[in-house]
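Readers should treat all values here as calculations from the given coordinates under stated rules, not as data from a laboratory. For clarity, every value in this text was computed on a predicted model and none was experimentally measured. Glycine gets a Cβ as well: all are built from the backbone with ideal geometry, and neighbour counts include every protein chain shown.
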Amino acid sequence: MVIVAWRDLANPRAGGSELLVDQLAAGMVARGNDVTLLCGGDIGERPYRVVRSGGDYSQFLLAPLAFRRRIPHCDVVVEVCNGLPYLTPLWCDRPVVCLVNHVHTALWSMRYPPPVSTIGRFAERVVMPKVHADSLFITVSPSSALELAGIGVRPDRIRLLYNGVEPPPPYTPRSPTPLFVALGRLADYKRLDLLLALWERVRPVTGGQLVIAGDGPDRERLERLAGNDVTFTGRISEADKHELLCSAWLLLHPAVMEGWGIVVAEAAARGTPTVGFDVPGLRDSVVNGRTGLLATTEGRFAGAWASLALNHTHRAALGHQAHLFADQLRWSTAVDRFSAVIDEASTSVECATPASA
């Protein structure tokens, strides 16, 4: 099996999509499968083979060449479409499964000016579904499945798997004073500038500290916007992330959309509930009113933040239910589902071949 993706987990800009691919690839290798990741940018040592196909953007042109030259044989190709598609059915004669975390929609205009945003949106929303008309699709949440159907992917071709979460090490103590955490890539669509503005409304009510962990292209601007009692940690180790999520009273997730939001499950596994917006992805990883609170407006987000900070009983109850929810999410289950879809793609082609001959 070959997985064609944008980045390896070793890339400094790796995120949830890369973690998902790594867990699926490593899980398949552990089951005796031969897996190669074909990607651009920085690569590292993995339990599976990693082949570099170019730079961040040149790989979209060079991936077919790298595939022909460096991949002697494969049974199935998995194309990870994070916006710009590789259009693998046009240059690969093997069964193709398309893995999509989310459809980018408004993110194109947020990240790129015209005509780049226009071309990217057209490629993702029009070209990709047509080229992959015969592919099976895997996505990570009901929200993303609806988005795929909305751009023309047949619902009967969409398969769902949920991200897992690693069982955490022994818990460290919760902070005795209010501690609120935002964790992830510091990019515009995460809307951390909005979080900083809302903090100015919440801080006089709750007190405490807001910690923003992670790095990204928006960090310098966000640091300029930050007021009092805000700490930027930069990238942190897994051990530090564990301690921070255990200590936090709340995880704050103001993003405009997500495919799922792995950090939500990571916080939930430590008994830390999330406050976010009622947007695609987060409405799947946060069970509103049970494992966290989802807001429809900025004012309601600030209100939910402040009310949970002040109501220890309600916050603890949400944290308990979040832990129970996260306890159902296992990477082994995700690998089971992934393996089943790979088998389905392979079998459907084998069954179709005699009829077409």
Legend entry - Dipole magnitude (debye, nearest 20) for the chain, charges at Cβ of Lys, Arg, Asp, Glu: 380
Legend entry - Distance in nm between pseudo-label sites at L90 and D193 (7 Å out along the Cβ direction from Cα): 3.5
Inset, instruction - Within 10 Å, count the other beta carbons around each residue, average over each peptide in 169-176, 73-80, and list them highest first. - result: 73-80, 169-176
Inset, instruction - Please give, to one decimal in nm, the separation of the simple spin-label points placed at L324 and R290, each 7 Å out from Cα toward the Cβ. - result: 0.9
Inset, instruction - Kindly point out which whole DSSP H helices in the chain project their C-alpha atoms 24 angstrom or further along the helix axis while averaging a Kyte-Doolittle hydropathy of 0.5 or above. - result: none
Legend entry - Neighbourhood net charge (12 Å Cβ-Cβ; Lys/Arg +1, Asp/Glu -1) for G55: 0
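Can you sort W91, W199 from fewest to most other Cβ atoms within 10 Å of each residue's own Cβ?
W91, W199
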Inset, instruction - Find, among the trypsin sites (Lys or Arg not before Pro) in the stretch 240-299, those assigned to loop by DSSP (not H, G, I, E, B) with at most 15 other beta-carbon atoms within 10 angstrom. - result: R290
Inset, instruction - With N set to the residue count of the stretch 179-326, report its C-alpha Rg divided by 2.2 N^0.38 Å to two decimal places. - result: 0.93
Inset, instruction - State, as an integer percentage, the relative contact order of the chain based on alpha-carbon contacts under 8 Å between residues 6 or more apart. - result: 15
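When H132, H242, H320 are ordered from fewest to most other Cβ atoms inside 10 Å of their Cβ, what list results?
H320, H242, H132
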Inset, instruction - Could you state the orientation-averaged shadow area of the convex hull built on the Cα atoms of the chain, in nm² to one decimal? - result: 17.9
